[in-house]
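Note sheet for the following structure.
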Amino acid sequence: MINEHLDINPEVAAALEKGEPVVALESTIIAHGMPYPKNVETALRVHRVIRENGAVPATVGILGGRIKVGLTDEQIEYLGKTDDVVKVSRRDLPFVLARGGDGATTVAATMIVAAMTGIRVFVTDGIGGVHRGASESFDISADLEEMKNSDVVVVCAGVKSMLDIGKTLEYLETAGIPVVSCGTREFPAFYSRRSGFQNEYALDTPEEIARLIRLKYALGLKGGILVACPIPEEDEIPLEKIESIIQLALDECETKGIRGKRVNPFVLDRVHQLSGGESLEASIRLVLNNAMLGARIAAAR
């Protein structure tokens, strides 16, 4: 049983036992998404926001071949400073555990662990999706496949901007995954509130979203729900501006022959550099905003 390799933080375990709201968090954003010390500072700020909004934070990671649910401040610091932490998706889990290694969980792996431990709400920055040019490369994030398998609600700022948002939404529709935008009919594009794609369903409050969640699972419908929360207006980067920067970074990927799971970390790093740090600050603001919404949804359930 995989549960034999899982350690739940006592605070998280107590909250789950009492039926209190818990919000899962990934650790790839710590180990691979932001530079040190911003990564650690942001993770701890996210914890504070979740607590301030009525829920218990549970960051997921792998340390010494053990899955940890509810990383401590010291464990977050370790993942944020260590260079050889493996980026762990579904396929990587057994390898990292078997080798007794350290790993940072992606959206997909965090969803697996959240479902395993009974945590219904998971907050991240943005999900993976269908990559641009996927008709030739077949590059589709495992995040989408996992949303079909795990009964977990994913709160994010939309699809990461370097991906093909339209094709990702088509994939989600085909998979039968409910996609709801919070407060807007336009699906957000991570750094930007606009994407050019309208979402069929929009709800305005955490309570309305919590009711949707209850109804879906009361009907016995399997799989996840995607809640798209737009970045606050004062923090967004205009779509046209960020798109030109992303395209430059993607062109560099092509030139350098960067493929697979190396693409996202490389592009994020280059976008941060090319934007003069503006994208990093936007990333921090949007994940804090997502954390607030996710905690309120969990508390309203």
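The values are calculated or read from the model by the stated rules, or taken from the named source; none is laboratory data. Keep in mind that what you see is a predicted model, and the values were worked out from it rather than measured. Cβ sites come from the backbone with ideal geometry, for glycine too, and all protein chains shown count toward neighbours.
What the table below lists for this structure:
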{"item": "Checklist (1) over 23 Å from Asn39 (Cα atoms); (2) surrounded by 17 or more Cβ atoms within 10 Å (Cβ to Cβ); (3) of a type in the set (S, T, N, Q) applied to Gln247, failing item", "result": "(2)"}
{"item": "Strands (runs of 3 or more DSSP E) (entirely within the range 1-95) containing at least 2 residues that are farther than 24 Å from Ala298 by Cα, of a type outside the set (Lys, Arg) and under 19 Å from the mean Cα position of the chain (by Cα)", "result": "86-88"}
{"item": "Qualifying strands (runs of 3 or more DSSP E) (wholly inside the range 114-215; at least 1 residues being buried (at least 19 other Cβ atoms within 10 Å of the Cβ) and β-branched (Val, Ile, Thr))", "result": "121-123, 153-156, 179-182"}
{"item": "Sole exception among (1) exposed (fewer than 14 other Cβ atoms within 10 Å of the Cβ); (2) farther than 23 Å from Ala114 by Cβ for Leu221, by number", "result": "(2)"}
{"item": "Looking only at the range 1-27, and only at residues there that are polar (S, T, N, Q) and in contact with a Gly (Cβ under 9 Å, 6 or more places away or on another chain), the one that is surrounded by the most Cβ atoms within 10 Å (Cβ to Cβ)", "result": "Ser27"}
{"item": "Positions within the range 228-241 being buried (at least 21 other Cβ atoms within 10 Å of the Cβ) and either assigned to a loop (DSSP other than H, G, I, E, B) or touching a helix residue (DSSP H, G or I) at 6+ places or on another chain (Cβ under 6 Å) (or both), in sequence order", "result": "Cys229, Pro230, Ile231, Glu236, Ile237"}
{"item": "Pick from the range 252-273, criterion among the hydrophobic types (A, V, I, L, M, F, W, C) and at pLDDT below 85, ranking: nearest to Ser141 (Cα to Cα)", "result": "Val263"}
{"item": "Residues of the range 24-55 that turn out to be of a type in the set (A, V, I, L, M, F, W, C) and either farther than 25 Å from Val267 by Cα or in contact with a Lys or Arg (Cβ under 9 Å, 6 or more places away or on another chain) (or both), as a count", "result": "6"}
